[in-house]
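S.K.: Dropping the structure in here first, questions after.
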Amino acid sequence: MPNTKAYAAYAPDEKIKPFEFDRREIGDNDVKLEIEYCGVCHSDIHFAHDDWGMSQYPVVPGHEIVGRVTATGKNVTGFNEGDLVAVGCMVDSCQECDACNDNLEQLCSDMVMTYGSPDPHMKGVTHGGYSTQIVVDQHFVLKVSEKLDTKAVAPLLCAGITTYAPLRNWNVQKGQKVGVIGLGGLGHMGVKFASAMGAHTVMITTSPEKGEDAKRLGAAEVLVSKDKEQMKAHAGSFDFLLNTVPVAHDINPYLTLLKNQKTMVLLGATPVDLHSMGLVFGQKHVSGSMIGGIKETQEMLDFCEEHGIVSDIEMIDIQNINEAWERVMNSDVKYRFVIDMKSLR
């Protein structure tokens, strides 16, 4: 009998449904964990629907994983049975290239995603956290504080590190004015992190009704980008902009908000409209960012422990995942779904 229960997509136009498969046996450097919670990311839906043209079926999504260690290989150090741990968007890399040596495993050309990558240990592709257990190289296992709300930690492994990494890499700090564009799964974490770093944090949104929630999350101000007078009042005043918008859009109006020689970082892998004049005058910068490496992800989790930060979530059972996906596609969640994986046992 297969040793792992899961939910999987069998085809791009079908709902996901129960699936069983075999996880690999524990190697000398591996950690095995029983999955307690798994966050739901929009990337799960894109991959299941083959929106990026790279999916191999069946697809078991899930890369925001929190669970307990149940076994370790003989070479494993730092992890013991019963430890609360996490696994994020990647489960392997070459661990030898310049990127890996610089703690940037996410940039390794041989990086192995938690699901949908060729599996270096078994035939086929990797399967993710919509499952009862997982076996991962110890280098890609992260420690989680027992002080945090365990279920709300799960989205930190993607939404958390995706927003923390650029804020840290562009040295956001106290005394700066930082704008977070878009209040969703990523944006709500960006507001929490920027505020905790001491920045004067401004939520920039097209929806005035989101203002009250943005302030609850830590925003000092709310800027409605459709309001020309508000945009004019804030022109040239921001030290950094974190753009979390997940759909194609025009970024030129936002460039006017930046001070000279300052940066807007894009998190969405989506087309944008950009005119070079907005960059040339003021020598402004537009950059992109993804997740962080393992060292930085652990740093993020430690920062969350220090500041009491977790995601705002809605819990579901795995049997309700298709309905949850529909709601994600309709932007009908505040702000991330998390699956109680006990519902699969």
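The values are calculated or read from the model by the stated rules, or taken from the named source; none is laboratory data. Since the model is a prediction, treat every value here as computed from it, not as a measurement. Glycine also receives a Cβ, built like all others from the backbone with ideal geometry; neighbour counts cover every protein chain displayed.
S.K.: R168 fails exactly one of the following numbered conditions: (1) under 16 Å from L267 (Cα atoms); (2) crowded, with 21+ Cβ neighbours inside 10 Å; (3) not aromatic (F, W, Y). What is the number of that condition?
M.R.: (2)
S.K.: Take the conditions in contact with a strand residue (DSSP E or B) (Cβ under 8 Å, 6 or more places away or on another chain), buried (at least 24 other Cβ atoms within 10 Å of the Cβ), of a type in the set (F, W, Y) and touching a residue at least 40 places away in the same chain (Cβ under 8 Å) and apply them to Y57. Does it pass?
M.R.: So Y57 fails the test.
S.K.: Can you tell me which residue in region 180-223 is modelled with the highest pLDDT, limited to those that are within 16 Å of V245 (Cβ to Cβ) and surrounded by fewer than 18 Cβ atoms within 10 Å (Cβ to Cβ)?
M.R.: Once the filter is applied, the top-ranked residue is T206.
S.K.: While we're looking at this one, here's another question. Anything in region 305-336 that is closer than 16 Å to D149 by Cβ, in a helix (DSSP H, G or I) and under 18 Å from the mean Cα position of the chain (by Cα)? List them, or say none.
M.R.: Residue satisfying the conditions is E305 alone.
S.K.: Confirm whether L241 is among the hydrophobic types (A, V, I, L, M, F, W, C) and closer than 20 Å to G39 by Cβ.
M.R.: No.
S.K.: A follow-up question, please. Sort out which residues of region 123-155 are over 20 Å from the mean Cα position of the chain (by Cα) and without any contact (Cβ under 8 Å) to a residue 60 or more places away in the chain, and write them in order of number.
M.R.: K123, the sole residue that qualifies.
S.K.: Considering region 255-300 alone, what residues qualify as being over 15 Å from V245 (Cβ atoms), surrounded by fewer than 18 Cβ atoms within 10 Å (Cβ to Cβ) and of a type in the set (D, E)?
M.R.: The one that is over 15 Å from V245 (Cβ atoms), surrounded by fewer than 18 Cβ atoms within 10 Å (Cβ to Cβ) and of a type in the set (D, E): E299.
S.K.: Would you say M300 is of a type outside the set (D, E, K, R), under 15 Å from the mean Cα position of the chain (by Cα), part of a loop (DSSP other than H, G, I, E, B) and farther than 22 Å from D213 by Cβ?
M.R.: Against the criterion (of a type outside the set (D, E, K, R), under 15 Å from the mean Cα position of the chain (by Cα), part of a loop (DSSP other than H, G, I, E, B) and farther than 22 Å from D213 by Cβ), M300 does not qualify.
S.K.: While we're looking at this one, here's another question. When region 255-288 is examined, which residues are found to be of a type in the set (V, I, T) and either farther than 21 Å from R168 by Cβ or at pLDDT below 95 (or both)?
M.R.: Those that are of a type in the set (V, I, T) and either farther than 21 Å from R168 by Cβ or at pLDDT below 95 (or both): T256, T270, V272, V280.
S.K.: For the list (1) in contact with a Leu (Cβ under 8 Å, 6 or more places away or on another chain); (2) assigned to a strand (DSSP E or B), I need the number of the one condition that Y37 fails.
M.R.: Going through (1) in contact with a Leu (Cβ under 8 Å, 6 or more places away or on another chain); (2) assigned to a strand (DSSP E or B) one by one, Y37 breaks only (1).
S.K.: Could you tell me which numbered condition D51 fails, if it satisfies all but one of (1) surrounded by fewer than 24 Cβ atoms within 10 Å (Cβ to Cβ); (2) acidic (D, E); (3) at pLDDT 95 or above; (4) within 21 Å of the chain's Cα centre (by Cα)?
M.R.: Condition not satisfied by D51: (3).
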